[in-house]
1. Once the range 71-115 is represented by equal point scatterers at the alpha-carbon sites, with solvent omitted, what log10 I(q)/I(0) does the Debye formula produce at q = 0.13, 0.14, 0.15, 0.16 Å⁻¹?
2. Given Cβ point charges of +1 (Lys, Arg) and -1 (Asp, Glu) and nothing else, what value in debye, to the nearest 20, does the dipole of the range 25-154 about its Cα centre take?
3. Rounded, prolate or oblate: which fits the range 123-187, taking a ≥ b ≥ c as square roots of the Cα gyration tensor eigenvalues, rounded meaning a/c under 1.5, else prolate when a/b beats b/c?
4. Rounded, prolate or oblate, given the Cα gyration tensor of the range 105-213, with a/c below 1.5 counting as rounded?
5. Which loop trypsin sites (Lys or Arg not before Pro) in the range 125-199, with loop taken from DSSP, have no more than 13 other Cβ atoms within 10 angstrom of their Cβ?
6. Residue-wise, which Karplus ³J(HN,Hα) couplings in Hz belong to the range 56-72, taking 6.51 cos²θ - 1.76 cosθ + 1.60, θ = phi - 60°, and x for glycine or proline?
7. If you take the alpha carbon radius of gyration of the range 6-127 and divide it by 2.2 N^0.38 Å, what ratio comes out, to two decimals?
8. What shape does the range 18-63 take by its C-alpha gyration tensor, where a ≥ b ≥ c are the square roots of the eigenvalues and a/c under 1.5 counts as rounded, a/b above b/c as prolate, and the rest as oblate?
Amino acid sequence: MDQTTAPRSGRPAKRAAIDCAARAVFGREGFTRASVDAIAAEAGVSKRTIYNHHQDKEHLFLSVLRESTHAVAAHQEELIDRHLSDPADLAAGLTALGRALATPQEGFEEHFALVRVIFAEASRLPPEFIDSWREEGPRRIAERLAERLAGLTTAGHLRADDPARAAAHFTQLATSEVYERSFHGALPLPQAEVDASVDAGVDAFLRLYGTRG
């Protein structure tokens, strides 16, 4: 009995070390160039230990991508709920949300490195990698934003007959320029430039969907 319980006690720590190392190596080297040997060295474990936890490199990448995507999505949902909770100052809330989403999010640097890998290697990645990230990340966030915009429309603070389309427009107008110019956070822009881009995008969004005038 002792022999069976001892290995299990170390599994969570080893799994955490492997996943942490995988995020770092995949983000640094990309999916194609990253090797299980490099991940094992980074984690301080053997290749056999990695294969005890993950079937192969593909499953390891998908596992860490899903885990970090869930964490980032939960954080961004919280931002949406927080900043769109006060319709009395909707412009300020939308601006604060846009700036929060467009600014590199502390603690999630490795996730956005994985996102850059997806964009750089999309043609070489298994389709389920991209589908999983889209479904559990961007689409989940878009749905939460659409829910909030629908509620604001019902309450008379916006004119968004198609909340899903309005959510897509907000993302494009308020954050896409920053994402593209910074290469999804790889080369962060000065905060003043981020703020100016977001402010202009929010102004355009409210011209389309606001109730004033």
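The values are calculated or read from the model by the stated rules, or taken from the named source; none is laboratory data. Here the structure is a predicted model, which means the values were calculated and not measured. Using ideal geometry, Cβ is built from the backbone for each residue, glycine included, and neighbour counts are taken over all protein chains shown. Heavy atoms of the whole protein, side chains included, go into the accessibility calculation; ligands, DNA and RNA do not. Shrake-Rupley method; radii C 1.70, N 1.55, O 1.52, S 1.80 Å.
1. -0.31, -0.36, -0.40, -0.45
2. Around 280 debye, computed over the range 25-154.
3. Because a/c hits 1.5 or more and a/b fails to exceed b/c, the range 123-187 counts as oblate.
4. It comes out oblate by the Cα gyration axes.
5. Passing sites in the range 125-199 are Arg159.
6. Result, rounded to whole Hz: 6, 4, 4, 5, 5, 4, 4, 5, 6, 5, 5, 4, 6, 5, 4, 5, 5.
7. The value comes to 1.30.
8. Oblate shape, in that a/c is at least 1.5 and b/c is the bigger or equal ratio.
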